[in-house]
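Reviewing the structure listed below.
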Protein chains: 2
Amino acid sequence: MKRLYNSPDAVVPEALEGLVLTHPELLRMRPDPTYVARVDAPVAGRVALVSGGGSGHEPMHVGFVGPGMLSAACPGEVFTSPTADQVEAAVRDVDAGAGTLLVVKNYSGDVMNFEMAAELLAADGVATETVLVADDVAVEDSTFTSGRRGVGATVLVEKICGAAAERGEPLARVAELGRTVCARSRSLGFALSAGTVPATGRPSFELADDEIEFGVGIHGEPGRERRPLESADALTDRALAAVLADFDQDDLSGDVLLFVNGLGAATPMECSIVARRAVRTLGARGLRVSRSLVGQYMTSLDMLGVSVTVLLLDDELTELWDAPVRTAALRWGR
Amino acid sequence: MKRLYNSPDAVVPEALEGLVLTHPELLRMRPDPTYVARVDAPVAGRVALVSGGGSGHEPMHVGFVGPGMLSAACPGEVFTSPTADQVEAAVRDVDAGAGTLLVVKNYSGDVMNFEMAAELLAADGVATETVLVADDVAVEDSTFTSGRRGVGATVLVEKICGAAAERGEPLARVAELGRTVCARSRSLGFALSAGTVPATGRPSFELADDEIEFGVGIHGEPGRERRPLESADALTDRALAAVLADFDQDDLSGDVLLFVNGLGAATPMECSIVARRAVRTLGARGLRVSRSLVGQYMTSLDMLGVSVTVLLLDDELTELWDAPVRTAALRWGR
């Protein structure tokens, strides 16, 4: 393994520290149990948003903490769920009395630990709602998942629910919007090579020189099939075909948000090449890409690959997407 | 070469097309000669900013076109200077009569072609000023350069001069600010592995498993030396020592902007780990990191490595850095 690390054990805490040190105006970190919170949380009168998951997917979730998105994020070790303790402590810190939305990717450990935290909090009178993200159309069950895996739509849920919370929507409405985003999103990713797990120093799976993993999970879980490497356009179309086939076909019209996500080692040029084809192919299907997000937002260590997410927009989702956000990884103003 | 491309020849035009298709609210592209411009350029009463250079360094420069930064960017082929034609056409398009600042990285081809364009424009009464960026302390002359290479400070010059132009400063003042940024910036990069040139499908240089190129150029040019691979902290300190040694030592106090730039394949975690050490080491030298930029902003295809840039801030540079910007790659509001 030839990487820019100090020691495999220190990768997660040092990366967190680096993020917080370079964003002191946005972030504060608490250790034991570890979480990263907005400096200004709790924000009076506003629903809080807490997410988390295994590390190795940066900038998700810690890079999405800030005004207009998450109140706090709970990072686990690499590819390991955060503990219930972390989630409970984070919610207690950032909840302002208006309740907290938990955004949970559908992996068994995450689901269990967020549920446990929610029960402990409920016993103490802290209201939570959970949005479970399960947008990956690749497989129905997977290594760490019962049901579909949660992938790219998580970023969209966090952005859109964060904007709703920021404008003062109540907990039930913020949760409803999150579920709407989930219902209107589908994703699929593919890998040309695996990420290298710091603890082992080895790729999490092996592919031949002319082979890809189609439908790969963000922890290197197997996808639908191993296939021959094809051109960027062919792979993009193949991913989009799987994504679009999974929607109710009557819903496939109008404006969409296209999210082309680099899984770690895809370069900006590669992400743009995929985005180009995706815009054209969606256009040919009568879908207009009116909003897009292209870049590395949910990685899998240094995996070479991308995932493609399509969200069917409506006016409210578009307005919430466009609302200002100020985080380490996603930032725009009016 | 296992990459997400269609054909090596198509990498640059397809990536440009993808960028423009996903940012129609910001960008328009013109072919033959090729450049990417702000949709709203020329902007009456404002100095224009035009930059450019070889492709393979995305998001630089095309990702920095938009309000508060560049008016237009001229991308060459991979690692190849843009032609004088491209620069001339871009300036004619975006110049609003208040003159145009040319931001040029110090590579012989770039310098020659921007100079030629400036002469053609001058003959036609279009005023330009040039800021030549040469911030890389690694070596004094290099493969494509007489004098120092221009690297990370280019992004800072484009942001700060773009903000100055946006607030209505005249050409001479915008150029002066750009030269101030150059005078107050130093950079150094290092690579654990080389980028893969699309046309050849091969890495631009070879390193042993335990070896790095210290002071590497963004086209894979040799640096100061090949050294053993060390920890992220040791490499960060080594790069910073070279950067800081090059400043007038009496200037080393107060606030700095730290720019940790991923060269293509460095993950967000790796960039954060480097940033963590850099903030601490600069702090120990009496320099406070009051602003930072951490991520992939000036890549070298899929090179695994980072560059570190330090800019000595003052109040005006800080204010211009903080000014709103809206581009594909760099975006924030008030």
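The values are calculated or read from the model by the stated rules, or taken from the named source; none is laboratory data. Small disclaimer: the values here were computed from a predicted structure and weren't measured. In this analysis, Cβ positions are derived from the backbone assuming ideal geometry, glycine residues included, and neighbour counts consider all displayed protein chains. Side chains included, ligands, DNA and RNA excluded: accessible areas come from the protein's heavy atoms. Shrake-Rupley method; radii C 1.70, N 1.55, O 1.52, S 1.80 Å.
A compact table of results
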item: Average partner coverage of A:7-14, which counts Cβ from other chains inside 10 Å; result: 3
item: Cα gyration tensor category, rounded, prolate or oblate, for segment A:208-334 with a/c compared to 1.5; result: oblate
item: Under Karplus coefficients 6.51, -1.76 and 1.60, residue-wise ³J(HN,Hα) of segment B:265-274 in Hz, glycine/proline x; result: 10, 5, 7, x, 4, 5, 4, 5, 5, 5
item: DSSP-loop GluC sites (Glu not before Pro) across segment B:1-77, with at most 11 other Cβ within 10 angstrom; result: B:Glu25
item: Virtual spin-label span in nm between B:Met1 and A:Ser146, 7 Å along Cα→Cβ; result: 4.7 nm
item: Accessible area (Å², 1.4 Å probe, nearest 10) - A:His57; result: 0 Å²
item: Proximal lysines to B:Lys105, defined as alpha-carbon separation beneath 16 angstrom and excluding residues fewer than eight positions away on the same chain; result: B:Lys159
item: Three-way shape call for segment A:8-183 based on the alpha-carbon gyration tensor, with the a/c threshold at 1.5; result: rounded
item: Rg/Rg_ref, the protein assembly as shown, where Rg_ref = 2.2 N^0.38 Å and atoms are Cα; result: 0.90
item: Calculated [θ] (222 nm, deg cm²/dmol) that DSSP helices of n ≥ 4 give over chain B, each run adding -39,500 (n - 2.57); result: -10000 deg cm²/dmol
item: Net length gained if the chain between B:Asp210 and B:Ser290 were fully extended (0.36 nm per residue, minus Cα distance); result: 25.3 nm
item: Identity and axial distance of the chain B residue whose Cβ lies nearest the axis relating B to A, Å; result: B:Gly333, 0
item: Exposure of B:Arg46 as accessible area (Å², to 10), given a probe of 1.4 Å and all protein chains; result: 80 Å²
item: Placed amide H near B:Thr130: partners under 5 Å, 5+ positions off or other chain; result: B:Leu102
item: Prolate/oblate/rounded label for chain B (Cα gyration tensor, a/c 1.5); result: oblate
item: At 7 Å out from Cα toward Cβ: A:Met116 inter-copy label distances (nm, ascending); result: 6.8
item: Inter-chain shielding of B:20-27 (mean C-beta neighbours from other protein chains, 10 Å cut-off); result: 5
item: For A:Met1, label point 7 Å along C-beta direction: distances to other copies, nm; result: 3.0
item: Shortest-first distances to equivalent copies, position B:Ala183, nm, label 7 Å out along Cβ; result: 6.2
item: Cα-centred dipole magnitude for chain B, charges only on beta-carbon of K, R (+1) and D, E (-1), debye, nearest 20; result: 800 debye
